[in-house]
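A.B. asks: Please see the structure below; I have some questions.
The values are calculated or read from the model by the stated rules, or taken from the named source; none is laboratory data. The structure presented is a predicted model; accordingly, all values stated were derived computationally and were not measured. Note: ideal-geometry Cβ built from the backbone for every residue, glycine included; neighbour counts use all protein chains shown. Surface areas here come from the heavy atoms of the whole protein model, side chains and all, with no ligands, DNA or RNA. Shrake-Rupley method; radii C 1.70, N 1.55, O 1.52, S 1.80 Å.
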Amino acid sequence: MQLDVIDQPAPTNSDYLPISREHRENDTIKFCQRSADGLEIESVIIPMGGKGVHWNTLCVSSQVGCARGCTFCQTARMGLLRNLTVDEIVGQVRAANQHYGASIRNVVFMGMGEPMDNLENVISALKRLHEDREFQIARKRLTVSTVGRCEGIRKLATLNWRRMGLAISLNAPNDEIRSRIMPINRTDSMAALRQAISEWPLRGGGHVLIEYVLLRGVNDEIEHARQLVEYLRGLKTCVNLIPWNPIDGIDFESPDETRANAFQLELMNAGQLAFQRRIKGRSALGACGQLGNVELRRGRTAKPSQDS
Ligand code: SF4
């Protein structure tokens with residue numbers, strides 16, 4: 001996705017960082033804020049709802065870049081530039097509200113970075129988004145997505161916000177595949193992750209969201225769907241299937257619609273809740289990342305990002 005450079009003067013009240021670039025696709029708006037040290041913080045406003053009820057969800061970043069190295073992810077190619085401060089995290093919501101008039105109702109930590117790698121600031125930001133009069137976002141409308149750091153999941157669970165959402169970027173049905181595409185799995189295995197998910201404080205009727213990016217020929221076989229069902233058996237989860245969004249320079253392929261539908265059907269026939277994320281934000285948003293400008297590194301000038 002090519003972002004358009006826009007020439008916005010710094011807001012006079014300095015409540016949020018200036019918007020440096022934006023891209024609109026249908027109703028989805030991806031925007032970047034320029035930090036004082038010349039980095040760009042990416043966020044996505046995603047309109048949601050239907051049948052006369054509409055609201056906006058904001059996907060926020062917790063870091064610039066990411067150290068986790070998932071092989072299918074755009075953000076991973078930047079490496080980690082730095083953690084965002086609490087002000088920079090909540091400032092993304094403020095910018096969406098004030099600059100775009102978006103009245104953000106839901107916030108998901110699915111932008112750049114691994115939230116558990118900046119957990120202290122993420123927890124402070126969550127508290128401010130919930131408690132500050134300015135935001136007052138209900139706990140059930142806050143979701144943190146993680147690559148699967150078990151220690152971080154347990155620390156976040158100590159908040160005991162039973163209605164807060166947890167999303168796991170799983171993306172594989174077994175350790176062999178997951179270790180190949182997600183280095184985190186070499187330290188936090190799927191068995192350990194399963195245990196951490198089982199301890200997450202869910203409210204009755206709630207579930208943990210399992211994000212699963214479908215990569216053609218890697219993790220999208222029917223046998224993989226069956227393994228996924230077995231892995232999730234006994235956990236309260238809902239699987240969000242995300243057909244991979246092609247990125248220049250990353251050597252994966254998207255599954256076609258028939259293949260993705262067959263995968264979903266296999267899960268559902270086995271009694272596993274599952275849906276597919278399509279269309280909205282497809283080129284703006286991936287799993288717990290896929291934002292990021294690989295040309296933007298310390299000491300370089302920012303160029304338009306090339307994701308999708
Ligand atoms: S998928 Fe998430 S955790 Fe993995 S590299 Fe990308 S942003 Fe980081």
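A.B. asks: So the check is Cβ under 7 Å with 6+ separation or different chains; which pairs have a first residue in the range 106-126 that's in a helix (DSSP H, G or I) and a second one that's open to solvent by 20 Å² or more (accessible area, probe 1.4 Å) and β-branched (Val, Ile, Thr)?
C.D. replies: Asn121/Thr85; Asn121/Val86; Ser124/Val86; Ala125/Val86
A.B. asks: Looking only at residues in the range 233-278 that are β-branched (Val, Ile, Thr) and more than 16 Å from the chain's Cα centre (by Cα), which one is farthest from Leu214 (Cα to Cα)?
C.D. replies: Thr237
A.B. asks: Which of the residues that make up the range 217-243 are within 16 Å of Glu176 (Cα to Cα) and open to solvent by 10 Å² or more (accessible area, probe 1.4 Å)?
C.D. replies: Listed by number, the residues that qualify are Gly217, Val218, Glu221, Glu223, His224, Arg226, Gln227, Glu230, Tyr231.
A.B. asks: Only one of these is farther than 16 Å from Asp15 by Cβ, in contact with a helix residue (DSSP H, G or I) (Cβ under 8 Å, 6 or more places away or on another chain) and among the charged types (D, E, K, R): Arg105, Arg128. Name it.
C.D. replies: So the residue among Arg105, Arg128 that is farther than 16 Å from Asp15 by Cβ, in contact with a helix residue (DSSP H, G or I) (Cβ under 8 Å, 6 or more places away or on another chain) and among the charged types (D, E, K, R) is Arg105.
A.B. asks: Collect the residues in the range 213-251 that are part of a loop (DSSP other than H, G, I, E, B) and modelled with pLDDT under 95, keeping them in residue-number order.
C.D. replies: Listed by number, the residues that qualify are Trp244, Asn245, Pro246, Ile247, Asp248, Gly249, Ile250, Asp251.
A.B. asks: Quick check: anything in the range 182-196 within 16 Å of the ligand (Cβ to nearest atom) and over 20 Å from the mean Cα position of the chain (by Cα)?
C.D. replies: yes
A.B. asks: Still on this structure, I have one more. Could you list all residues from the range 179-212 that are outside any loop (DSSP other than H, G, I, E, B), within 15 Å of Leu232 (Cα to Cα) and without any contact (Cβ under 8 Å) to a residue 40 or more places away in the chain?
C.D. replies: Ala191, Ser198
A.B. asks: Right, something else. Looking at Ile210, is it β-branched (Val, Ile, Thr), under 14 Å from Ser169 (Cα atoms) and within 22 Å of the chain's Cα centre (by Cα)?
C.D. replies: Against the criterion (β-branched (Val, Ile, Thr), under 14 Å from Ser169 (Cα atoms) and within 22 Å of the chain's Cα centre (by Cα)), Ile210 qualifies.
A.B. asks: In the range 122-170, what residues are open to solvent by 20 Å² or more (accessible area, probe 1.4 Å), under 15 Å from the mean Cα position of the chain (by Cα) and away from the ligand (no atom under 16 Å from the Cβ)?
C.D. replies: Once the filter is applied, which keeps residues that are open to solvent by 20 Å² or more (accessible area, probe 1.4 Å), under 15 Å from the mean Cα position of the chain (by Cα) and away from the ligand (no atom under 16 Å from the Cβ), the range 122-170 yields only Arg141.
A.B. asks: Can you tell me which residue is farthest from the chain's Cα centre (by Cα) among those in the range 79-105 that are more than 18 Å from Arg21 (Cα to Cα) and in a helix (DSSP H, G or I)?
C.D. replies: Asp87
A.B. asks: A follow-up question, please. Name every residue in the range 90-121 that is open to solvent by 10 Å² or more (accessible area, probe 1.4 Å) and in contact with a Pro (Cβ under 7 Å, 6 or more places away or on another chain), in order of residue number.
C.D. replies: none
A.B. asks: Quick check on Ala191: is it farther than 30 Å from Ala260 by Cα, open to solvent by 30 Å² or more (accessible area, probe 1.4 Å), small (Gly, Ala, Ser) and out of contact with any Gly (no Cβ under 6 Å at 6 or more places or on another chain)?
C.D. replies: Against the criterion (farther than 30 Å from Ala260 by Cα, open to solvent by 30 Å² or more (accessible area, probe 1.4 Å), small (Gly, Ala, Ser) and out of contact with any Gly (no Cβ under 6 Å at 6 or more places or on another chain)), Ala191 does not qualify.
A.B. asks: Can you find, within the range 71-89, the residue that is farthest from the ligand (Cβ to nearest atom) among those that are crowded, with 24+ Cβ neighbours inside 10 Å and β-branched (Val, Ile, Thr)?
C.D. replies: This residue is Ile89.
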